[in-house]
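Enquirer: This structure is in structure tokens; I'll ask about it shortly.
The values are calculated or read from the model by the stated rules, or taken from the named source; none is laboratory data. What you are looking at is a predicted structure, and each value in this text was computed from that prediction instead of being measured. Quick reminder, even Gly has a Cβ in these numbers, built from the backbone with ideal geometry, and neighbours come from all protein chains shown. Please note that ligands, DNA and RNA were not included when accessible areas were found on the heavy atoms of the full protein model with its side chains. Shrake-Rupley method; radii C 1.70, N 1.55, O 1.52, S 1.80 Å.
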Amino acid sequence: MTLYYLLFLYIPMFFFPLCKDGALKFFKLILVFLYSFYILFHLNSGPDHVIYQWAYEQDTFTLFEPLYLLLMYLANSFGFEYFGFLIFLKFINIILFSVFLFNSDKYTVLFFLCFYIPISFITFELNLLRQSLAIHFSLLFYTTFRKGCIKLSIFFVILAILSHISSLLLLLLYIWKVNKVFLLFFVVIVVSIALPLLTSKFFDYYHLGGFELRSGVFVIQLAVLLILPFILYKFSGDYTALFLYFFICLLSFAPVMVRLYPLALVLVMPFVYLRFKDKYLIYILLVASFSLCTLKIGLLISADQSAIKEGVYEKGYQ
């Protein structure tokens, strides 16, 4: 039931539209504190930690995620047990999240968090260590890309890719910023090298049922993701990013593909602007997000209980 603590993150977020300067920094600081408390309190929550702990203790590695591998080796060299490694990794995420938060416009932050928290926060922050690291570097990519610091943003994209290969999607934004031919050549080469891993992952998830289409409440979720952002925000400058956002949303009908959704948010974030002068309308998004988050937590707890009862895994997110 402690998963419901996640809803406390919305307390400072509800103050964001009302605040300026010092007061805004204060509530951002509270958000960082609540965020840190939540992920450290649920340090090893989620079924994948059995595999992550085995890999850490066996000193195995993943060829295409060398940054995660490097951090694992560093933690091992310091003599950290698996829990120590998790604390080490989570503090990196906390620092990266804080840098993003204090260097971003409050309405863009709300745009990201209001969709990220109910859709992906629990799985990314608690269970998916490599993808979580990648999305936090992707947030720093956003802050530098938006400011026009192209070289620095490329650096953060590389760190994101070295954390998890799915971050290759972010390279598509550079087609309009750097030499198109060189970038396309680079993407083709990288994807070709990674193709065996991508193919292997596809078949692994296929046999685990990761591509079985979902229905019911997920139709409501999809409708919110496709409609609500465009009611309250407008997007200018990159229709390719919008196309990718729609495409990834549609892919989320397959359970495993929803893991790409945070990257879809990062893809459109550099082009998002609040549509209305009346900033209080942002509360529509906050209330919708809060409601979706409550529903998501209830569904996740129910799914955990069923999976544990059926012997699929021993420990879920609780």
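Enquirer: What number of residues within the stretch 1-46 satisfy the criterion of being within 25 Å of residue 298 (Cβ to Cβ) and part of a loop (DSSP other than H, G, I, E, B)?
Expert: So the count comes out to 6.
Enquirer: Let me ask something else. Just to be sure, is residue 169 at pLDDT 90 or above and within 30 Å of residue 299 (Cα to Cα)?
Expert: no
Enquirer: Quick one: would you say residue 270 is of a type outside the set (A, V, I, L, M, F, W, C), in contact with a Lys or Arg (Cβ under 7 Å, 6 or more places away or on another chain), within 15 Å of residue 142 (Cα to Cα) and in contact (Cβ under 8 Å) with a residue 24 or more places away in the chain?
Expert: yes
Enquirer: Can you pull out the residues in the stretch 143-162 that are in contact (Cβ under 8 Å) with a residue 24 or more places away in the chain, open to solvent by less than 20 Å² (accessible area, probe 1.4 Å) and out of contact with any Pro (no Cβ under 9 Å at 6 or more places or on another chain)?
Expert: Hits for the stretch 143-162 are 143, 160.
Enquirer: Something else about it: Would you pick out the residues in the stretch 260-307 that are open to solvent by 30 Å² or more (accessible area, probe 1.4 Å) and closer than 16 Å to residue 127 by Cα?
Expert: 260, 296, 303
Enquirer: Collect the residues in the stretch 24-36 that are touching a residue at least 24 places away in the same chain (Cβ under 8 Å) and exposed (fewer than 14 other Cβ atoms within 10 Å of the Cβ), keeping them in residue-number order.
Expert: Once the filter is applied, which keeps residues that are touching a residue at least 24 places away in the same chain (Cβ under 8 Å) and exposed (fewer than 14 other Cβ atoms within 10 Å of the Cβ), the stretch 24-36 yields only 25.
Enquirer: Inside the stretch 1-23, can you point out the residues that are loosely packed, with under 15 Cβ neighbours inside 10 Å and farther than 19 Å from residue 115 by Cβ?
Expert: 1, 2, 4, 5, 18, 20, 21, 22, 23
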